[in-house]
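A.B. asks: Quick one: the structure is below, questions incoming.
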Amino acid sequence: MLQLATVTMRTDAQIVPYHPNHYHNIQLKGYELDYIKTIPNYEQYINENATPGLTWTVIIKGKVVAIFGLRFQWDRVAELWMLPGVGIENDPISVTRGARKILDNVIEEYDIMRLQIAVRVQNVTAYKFAKALYFEKEAVMRCYGPELADYYLMSRLQYVRDI
């Protein structure tokens, strides 16, 4: 199993392997606060989806600003999830570059053909971030999320010559 070492984005910003204590150090905002209200035992939900070796924490200036990870649905098909917090917007370029580096390595290591993500339609920032990570919009999933909002289904595909 791939376990990346710390990815340093700059001297005071890094991406490290996730530890459950990181959840207690993230200050949620906006849409993510809705999830706490609609998903029972939200902390448990996050930790159950935090696959060891495939979940990371973004730390900027000593503060946890995001947690993200992948979970496999089938062989060569995975889903990306992300829990952004207060402060992630302070260094979007570094966060994007660091996340790209990790995703590129994981896609190669596990030979992932399809990586997908669900992005709430109203969350323009998350949509732009997904686009910056090379995801393309495929469809709108109506009444999809835990709060029954509309979400974009977005994917990042790795094309191969022979299937």
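The values are calculated or read from the model by the stated rules, or taken from the named source; none is laboratory data. Worth saying up front: this structure is predicted, and the values here are computed from it rather than measured. Cβ placement follows ideal geometry from the backbone for every residue including glycine, while neighbour counts extend to all protein chains displayed. To get the accessible areas, we keep the full protein, side chains included, count just its heavy atoms, and leave off ligands, DNA and RNA. Shrake-Rupley method; radii C 1.70, N 1.55, O 1.52, S 1.80 Å.
A.B. asks: Rounded to the nearest 20 debye, what is the charge dipole size of the chain about its Cα centre when +1 sits on each Lys and Arg Cβ and -1 on each Asp and Glu Cβ?
C.D. replies: Numbers: 18 positive and 18 negative charges, 81 e Å.
Computed about the Cα centre, the dipole is about 380 debye.
A.B. asks: Per residue of the chain, what 222 nm ellipticity follows from adding -39500 (n - 2.57) for every DSSP H run with n ≥ 4, rounded to the nearest 500? Could you put the intermediate results ahead of the total?
C.D. replies: Values: 5 runs with 48 residues, N = 163.
The helix-only estimate for the chain comes to -8500 deg cm²/dmol at 222 nm.
A.B. asks: Could you tell me what percent of the accessible area of segment 70-163 is made up of carbon and sulfur, with a 1.4 Å probe and every protein chain present? Before the final figure, lay out each step's value.
C.D. replies: Values: 2830 of 5390 Å².
Carbon and sulfur together cover 52 percent of it.
A.B. asks: Which net charge results for the neighbourhood of GLY98, defined as the other residues with beta-carbon distances under 14 angstrom from its beta-carbon, given Lys and Arg at +1 and Asp and Glu at -1?
C.D. replies: Values: positive: ARG10, ARG97, ARG100, LYS101; negative: ASP12, ASP91, ASP104.
Here the count lands on +1.
A.B. asks: Could you size up the charge dipole of segment 1-80 around its Cα centre, putting +1 on the beta carbon of Lys and Arg and -1 on that of Asp and Glu, and report it in debye to the nearest 20?
C.D. replies: Numbers: 7 positive and 7 negative charges, 53 e Å.
Once rounded to the nearest 20, the dipole reads 260 debye.
A.B. asks: Related question: Put +1 on the Cβ of each Lys and Arg and -1 on the Cβ of each Asp and Glu in segment 1-100; which of LEU28, ILE39, GLN14 then has its Cα farthest toward the positive end of the dipole?
C.D. replies: So the residue we want is GLN14.
A.B. asks: Among LEU33, LEU28, LEU133, what's the order by accessible area (1.4 angstrom probe), most exposed first? Spell out each step's value before the answer.
C.D. replies: On the way: LEU33 75, LEU28 25, LEU133 5 Å².
My answer, sorted largest first, is LEU33, LEU28, LEU133.
A.B. asks: Keeping all protein chains in place and using 1.4 angstrom, which order do THR38, THR125 fall into by accessible surface area, from largest down? Please report the intermediate quantities before stating the final value.
C.D. replies: Details: THR38 60, THR125 105 Å².
Descending order: THR125, THR38.
A.B. asks: With an 8 Å Cα cut-off and a minimum separation of 6 or more residues, compute the relative contact order for the chain in percent. Present the calculation step by step, with values, prior to reporting the outcome.
C.D. replies: Values: 273 pairs, mean separation 31.5, N = 163.
It rounds to 19 percent for the chain.
A.B. asks: If you don't mind, there's one more thing I want to ask. Can you sort TRP81, TRP74 by solvent-accessible area, 1.4 Å probe, largest first?
C.D. replies: Working: TRP81 25, TRP74 170 Å².
Result of the area sort, largest leading: TRP74, TRP81.
A.B. asks: Accessible area of LYS61, 1.4 Å probe, to the nearest 10 Å²?
C.D. replies: About 140 Å², ignoring ligands and nucleic acids.
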